[in-house]
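Engineer: Got a structure here, written out as structure tokens. Questions coming.
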């Protein structure tokens, strides 16, 4: 019985491997579900279920991902949006626009333009430890608690390979001093301050999660389950957790306000102790405002 199960799984794996190869080789032709299923001699219904079981996404989503990656490659090579659309196998810019918004949270034009001519970056102290920050003329694109500046720079280069990076620690420290202020101080100076602009990139789903986090007031806490209920996705806990973890703007997009159902603080990207400190500090500031 065990050998039969292993043989069946191996057979399924081979089918999915062939299907993936077919989709990759014919992505520019945008093969349909029926065409791909026929390549592995399965019905579309059975193939869809088997593919999702092995790959984790539908064949359509996998093809969309490959299409967007091809379009991004063209846009990075300074090709026009129209050319990128056709080379990706799409009928025109409108379809590429829809896919780029869905997968990247940016229009093709915005992706091609990038955040500006260069990115500035620097590091400095904050209430919760040393930070690394990066920004462009369009807004803040990264705020992390510094582990390795080399790793952070590599991350920026991978995200924006076509842009020049310029170090400016003085401007970074001024920005950090402005960000990490007590809520009461922020409210007093709100009329005299320009709002911070954030430049984030993510899928439509990730952007939806981050917007929900931005709506959480300082000092409030939610569980992943409560966040899913609020968004109308009660069974998407794992996906929500992954989206929360991909946040590149620590503190500003307050992923520290999300806890596990049992109240556990672990699994925070920048350490559970820092998360506890943030939550406690916000609670104290909120209490001061009511006193």
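The values are calculated or read from the model by the stated rules, or taken from the named source; none is laboratory data. Since this is a predicted model, take the numbers as computed values, not measurements. A quick note on method: Cβ atoms are made from the backbone with ideal geometry, for glycine too, and the neighbour counts reach across all protein chains shown.
Engineer: State all residues of segment 259-282 that are at pLDDT 85 or above, in contact with a strand residue (DSSP E or B) (Cβ under 9 Å, 6 or more places away or on another chain) and farther than 17 Å from residue 143 by Cβ; if no residue qualifies, say none.
Structural biologist: 259, 279
Engineer: Further question: Could you run through segment 73-94 and say how many residues are in a loop (DSSP other than H, G, I, E, B), under 13 Å from residue 112 (Cα atoms) and at pLDDT 85 or above?
Structural biologist: The first filter runs over segment 73-94 and keeps only residues in a loop (DSSP other than H, G, I, E, B), leaving 77-80, 88-92.
Filter once more, so that each one left must be under 13 Å from residue 112 (Cα atoms): 77-80.
Filter again for at pLDDT 85 or above, leaving 79-80.
Here the count works out to 2.
Engineer: Picking from 62, 47, which residue would you name as being modelled with pLDDT under 90, assigned to a helix (DSSP H, G or I) and surrounded by 20 or more Cβ atoms within 10 Å (Cβ to Cβ)? Full working, then the answer.
Structural biologist: Details: 47 fails: modelled with pLDDT under 90.
Going through 62, 47 in turn, the sole match is 62.
Engineer: If I go through segment 212-237 residue by residue, how many of them are more than 22 Å from residue 276 (Cα to Cα) and surrounded by fewer than 14 Cβ atoms within 10 Å (Cβ to Cβ)?
Structural biologist: Summing the residues that are more than 22 Å from residue 276 (Cα to Cα) and surrounded by fewer than 14 Cβ atoms within 10 Å (Cβ to Cβ) in segment 212-237 gives 5.
Engineer: Would it be correct to say that residue 152 is closer than 26 Å to residue 256 by Cβ and in contact with a strand residue (DSSP E or B) (Cβ under 8 Å, 6 or more places away or on another chain)? Steps first, please.
Structural biologist: Numbers: closer than 26 Å to residue 256 by Cβ: yes; in contact with a strand residue (DSSP E or B) (Cβ under 8 Å, 6 or more places away or on another chain): yes.
It is true that residue 152 is closer than 26 Å to residue 256 by Cβ and in contact with a strand residue (DSSP E or B) (Cβ under 8 Å, 6 or more places away or on another chain).
Engineer: Okay, moving on. Within segment 12-20, does at least one residue satisfy the condition of being surrounded by 11 or more Cβ atoms within 10 Å (Cβ to Cβ), at pLDDT 85 or above and outside any helix (DSSP H, G or I)?
Structural biologist: No: segment 12-20 contains no residue that is surrounded by 11 or more Cβ atoms within 10 Å (Cβ to Cβ), at pLDDT 85 or above and outside any helix (DSSP H, G or I).
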